[in-house]
Amino acid sequence: MNTAHNQRAQETEAHIKSVFLTMLAQRTVRQPMNVKQLCVHAHINRSTFYVHYKDIYDLAEKIQLDQQAQVIQLLDHALVAAPDNLAFVMTRLFEFVYKNRYFYQVYLQRHSGIFLFDSTEFQKLMTKIAVRLPHNPVQRRYRMAFLTAGVGAMMRQWLKDDCQETPVEMAQLVDLAYW
């Protein structure tokens, strides 16, 4: 039986996610996708899909939440390793996005922003970065908002340009723009 933790179930979920992203990239905003179409393209039974997901929206949400959790864990580790080095932390972020650029390019075709930056967990991580900011709470709050929005905008542009700069170059640009 496929349980959530066995290898076969994980491989099936990875396959479904991959096919979903491929199909999503090929569609326009007005072309809805349904479970039947996904199952045909993935060469799986509908019952297999429903073992793993409630519907297409559940699948999309789980992909987003998985990406978000991975980024938050990555940034948390980077902040522990180099709490006073924004360029190091941003390099880890851009490396991750580059490694997962297909997901982010597809995602940004459908959404105006990067969902990660709106999460409570990400905001908590950003407060760790804020130690380099002025102690004035008003200045700190607005500079953090600026950094978050700026990194998101830079990342969108970088992905739109097909990641021509390296993650290190992008992190240096963030560091230069911010400080």
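For the reader, a short list of remarks on this structure follows.
- Taking each residue as 0.36 nm, the span from Ala69 to Lys36 lengthens on full extension beyond its C-alpha to C-alpha distance by 9.0 nm.
- Using the Cβ-Cβ distance between Glu165 and Arg141 with R0 set to 41 Å, the FRET efficiency from 1/(1 + (r/R0)^6) comes to roughly 0.90.
- Those residues of the stretch 50-82 whose amide nitrogen sits under 14 Å from the label point placed on His15, 7 Å along Cα→Cβ: 50-52
- Within the same chain, aspartates and glutamates fewer than 8 places from Lys99 are excluded, and of the rest, those with a Cα less than 17 Å from its Cα are Asp66, Asp161, Asp162, Glu165, Glu169.
- Available extension along the chain between Gln157 and Asp84 is 23.7 nm, counting 0.36 nm per residue and deducting the alpha carbon span.
- Across the stretch 164-171, computed HN-Hα scalar couplings (Karplus, 6.51 cos²θ - 1.76 cosθ + 1.60, θ = phi - 60°) run 5, 8, 6, x, 5, 4, 5, 5 Hz from first to last residue, x flagging Gly and Pro.
Quick note: the coordinates plus some simple rules give every number you see, no bench work behind them. Everything numeric here is computed off the predicted structure, so don't read it as measured data. Here Cβ is always computed from backbone atoms with ideal geometry, including for glycine, and neighbour counts include all displayed protein chains.
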